[in-house]
Each structure stands twice: as structure tokens, then as C-alpha cells.
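Notes follow the structure.
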């Protein structure tokens, strides 16, 4: 039946309503475009236009693919209006399943309140980001600079690409703050909606959608540093300038005075953001500021943790329905705090790998798996190595061998501050040289998604060989029939260390003076699409000279189970299946002016794999720059469709 309707544009193309004298007469009398009907073409043959709107939208269009709908839109005025109907695009959204970017859990983004334009934008984004990403050299569809009104130091995009949370400051770096931006405002695109001051630079930002006391919210966790009161003076230095070397936990911060670390958690309700983002209020107008001033403060303090030991790697999640903040307390301790009125705190020390139990094994990174009630922890330590008996003078430095472990630990009971040392439920050990910067993707799987579709894998990336090579490990979800009984019956995803496998190693280089130079590469991990960006190996500044971006696939030709499931689900609405590239890594094909722009220096980078947008900021300015890897329907400056659907007020309700 699909084959019959692939020619629908040819079947209906003779029936142009404005070519029929009766139709022109009715149009001039103001009956509206939906009332314009052409029952016969010029040869007296029947036309699809004689069918009612309900039959066309609910039945005929149900057999069409996205390409057919877009072609049909160009046929005549009637079909132009009908193909913008929200029913069509929400139907496509249901059919592509996990390819839909995760939307905020608020009423504004619920299916019943989703506009036809937003539904169409989500579908077109899902299709075009997939088509671009699997090309040998993915192109950027568009570039957009916007005024952020603050200098952005670091940032993170929430799943679905509707909100961005930034650690920011003024250009003088005397005042720090956290800012929440809405990314698809109907009138102004990207708009700062809420800001709260921070006593010092916010590091290691984590932001997730969570339910706090029945209120759907964005919960933000971050860490800041401060000097101890006993060492504070009028000439004290700024503790924000000290960073771990290359994100390597074995190279600690070497500050000239002791530091105190504070992990803080804030909440901002989605209802408050929806109210501030109401398109009736033009951002920056006096009405907008008057309305914002009349509302309660959008941010709410949930709790904090203080420590003289270094805190890093914040994660958030709902464990048994209770929101929790999890922090790594260096070198080997995990701290959990319930984000409730009582705020119960639990701690445990990760037991060391037995073969090197005499050496510290500092935490490199971790990921809370709230649906599983476990914590995935990556640790590393230098292996003892005998020095050569006759070292050569001026020879290269001895790079120690490194052992790292990937282990699953149980979450402690609430309020258990004397949990002591926890043995891992399962563990795997690996060896390498000069290993640093472990990054772990966040599967962020909901119960419904996990039950109906294959859950995403967990991707682990790290650098070695002085930063010149990126290694990839993957933990696939346990098949439903092999999972423990508790997971089979509930449909929750289950991840096991036994599923861990090394995937590939990647080395990036760039051309310079007719030669190729090895880069130091950084990764922003995703479940399906991870973003790589590379800098010259000798770049040691906070301002990164980014040579280029590259897109990473889970497997060659996308032949792993999760990629196949995502691709086949997306092909439910596509007639033309795009060809998949052979290689796992594809360097972006960016215009020269973009390459010059990022090579001139970048301060912060964020990536949203669902919508396919790269966000970056540059030093000494207050702009936010966006590279969009997806196509989207056009909007006018007033937030209307472009071109605007013709002469029918009922379209405003769709």
C-alpha cells in the first residue's frame, strides 16, 4: 500500500484550486482555504481534494512517509495547510520511539500540549541529525551566535536540548553565577531565564530532570572551592585558577594554601521556567522584568556537602523515588546525600583491587545507575616499576604503567555514614600507559523507554599515550532473558561488568605545514553519538585551540544492536534510507571561517546528541555560539511558521 501512495503528488498535482474558476470565486468571497474544494480536475476526473479533511489526515496520510508529506505540501494550498496538522507529526513522533529527543517532564512539553510546529521540528531534527552524523564528513547545517549576557566558563545541555545550564561570570571575573537558558524560545530563540549568584566559580556541573517532592524540576549539582578561614587574607589568591592537570586524578591540585570544597545542589521547577518562557512576554521587555519580579525566586537550595578533601565528579539521580546527589571524595570515598528535608548522608570507601592493595586507587569518574541501585566506578593507580640501572642522561622520561579498574558498587543505605569499605559486586582490571580523563556516558533511561526499546549502552572513553590516543570501552545492557529476575519482571535496564568490552582506539591528527601532528583529544560522551574535539598536544592553557570536531559511532557501519534498533525505528517514517559510513570516526566538514573561529580559542564546549547541537563560548566575550548538525523548519522573527500557513485561523490552534 505504501507503494501506491508514493506517487500521491502526481495523483493530485492536476488539482490546483486556484486553476478552477469556481474555486477562485469562492476564494474571493472569503470562504477560507479549508473550504476550497476541487471535486474534479480540468479533464473531469475525480481528485483527492474531494475527500474530507478527516479522511485525508486520519486515514490517507497515515500511509505516507515524511518525504511524501513534504512533497504533498508543495502541491496546493489545501494540502499545504493539511500537512502542517499536528496529528500527522505527533504520529511520526510515536513511530520513531527513542530517536525523539527526551523532552522536559512538564505539562508544556506533554504530547497533548505539544504544538504542530514543535512536533514537526522534533521529527525533522531526528531525521537530519541522523543523516548528517553517518556521513563520512558530517557537515554543520547552520551556525548561530547569540548574546549570552555573561562570559560562560562551562556548561551542560539537558537531554532533549530545551535547557542549558552554564557556570558564568562577568568579564572582570569578579562575580560568578549559574544561568539557565531556554534554547527554543518561540520569539527569541535562546534566552537566559534565571540566574543565581555563586560564591566562586562552579565546577563539574551536573543537571538533570528530577521529581522533587512531587514537583518536576531541573536539579543542578556543582562544586566550588574556597580557601580555609585560617588562611584567608586580603591578599588571598583565587582558588578557581587551580585545575587538575589534564583531568588526571593522579596529578592533584598544587595550590599554595589548603582549600575547602563545597558540593551544592539547587532546584528550579519546570513550571517556573515555563512561566518565564511564555512567548506572550517578550524577553528583555519591561513586561517580562515586571512579571519575573512578581514571581517567587526560581531557585531553591536543596543541600550541600563540605570537605577539606578534594570533591569532584558530581552525579544526580532518583534512587527508589528519592532524589540524591552523589560526590566522589578523593581519593577513594563515595558520598551520597538525599535531597530531602532530612538530607540523610551515606558514605563508603571503595575497596582496593587486591593485587595493588598497598597503593591508593583514586576515583577517576563514576556514574550513578539509579534504576539499578548501583554505582559504576572507574579508578586508576600507577603500577610499581623498577628504574633502569643505567638511565641515559637527557633521555625521555619514564612513563609509568597504569592499572585501572571498572567496578560496580552497591548504593549504601540512607544515613549509613559508617558503611566502611565496600567490596565491588563485580570488577575488571586493565593496564595501559599514561592514562587520563575518563568520561562515562549517561544512559538516562526511563522505565517506559527501557521496557519498550533496547536500552542504550554505557560508553567509557579515556586518553593514553600522552593524550594522543582515545580508547573506547562499552557496557551493553544485559539481554532481557538473561537479566536477574527483578529486572526481567520490571523491564528496568541491567548493566553488568561481564558485558564490558574494549571497542576501538582512535588517534586524531591535523595537517600543519605539509605534515601531520598528533593531537590531544577530548570527548563529550553520548549514548549513540559522542563528540570528539582535538587540540595541539602542546596546548596547556585553559583557552583551547580546537582544530576540529569529529563524530563518533558505536561501531563500524553501525552494525551493533543499539544502532540497528535506532536506525530501523527511524526508518519507519522514511522512504529513502541513508547510507551509513564505514568508519566509526568522521571529521566534520566545517567552513574555513568556523575553523578559524574555534582555532582562535574556545573556553567551554557542550554537546546535545539528541538535537545535534554544539555550543561553545570564547574567551573575553559574552556570546554563545551554536553549530547545528540538524535541519529545522523555519520560523519568522515573531515565532510563526515560515512560510506562514495561509489564511486559516484554525491553524493557530494546531
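Laboratory data are not the source of any read-out in this text; all were calculated from the coordinates shown. Given the structure is predicted, the values throughout are model-derived calculations rather than measurements. We place every Cβ from the backbone using ideal geometry, glycine too, and count neighbours over all the protein chains shown.
Set the Förster distance to 45 Å, then compute FRET efficiency between residue 600 and residue 635 from the Cβ-Cβ distance, nearest 0.05.
The calculated FRET efficiency here is 0.90.
Figure the gain on full extension for residue 87 and residue 199 (residue separation times 0.36 nm, minus the Cα-Cα span) and round it to one decimal in nm.
Contour length minus the Cα-Cα distance gives 35.5 nm.
Using the beta-carbon distance between residue 344 and residue 382 and R0 = 35 Å, what value does 1/(1 + (r/R0)^6) give for FRET efficiency, to the nearest 0.05?
0.45
Put a dot 7 Å past each Cα toward the Cβ at residue 431 and residue 557; how far apart are the dots in nm?
3.5 nm
Would you mind putting 86-95, 584-593 in packing order, based on average other-beta-carbon counts within 10 Å, highest first?
86-95, 584-593
Highest mean first, how do 143-152, 178-187 rank when packing is the count of other Cβ atoms within 10 Å averaged over residues?
Ranked by mean Cβ neighbours within 10 Å, highest first: 178-187, 143-152.
Could you give the nm distance between label points at residue 211 and residue 282, where each point is 7 Å from its Cα heading toward the beta carbon?
Reported label-point gap for residue 211 and residue 282 is 4.0 nm.
Just grab the label-to-label distance for residue 545 and residue 301, each label 7 Å out from Cα along the Cβ direction, in nm (one decimal).
Simple spin-label model gives 4.4 nm for this pair.
At 0.36 nm per residue, minus the direct Cα-Cα distance, what do residue 401 and residue 262 gain on full extension? Give it in nm, one decimal, please.
So the extension gain works out to 46.7 nm.
For a protection proxy built on the mean count of beta-carbon atoms within 10 angstrom, sort 550-557, 199-206, 135-142 highest first, please.
Descending packing order for the listed peptides: 550-557, 199-206, 135-142.
What is the extension gain from residue 144 to residue 465, computed as 0.36 nm multiplied by their sequence separation minus the C-alpha to C-alpha distance, in nm to one decimal?
112.0 nm
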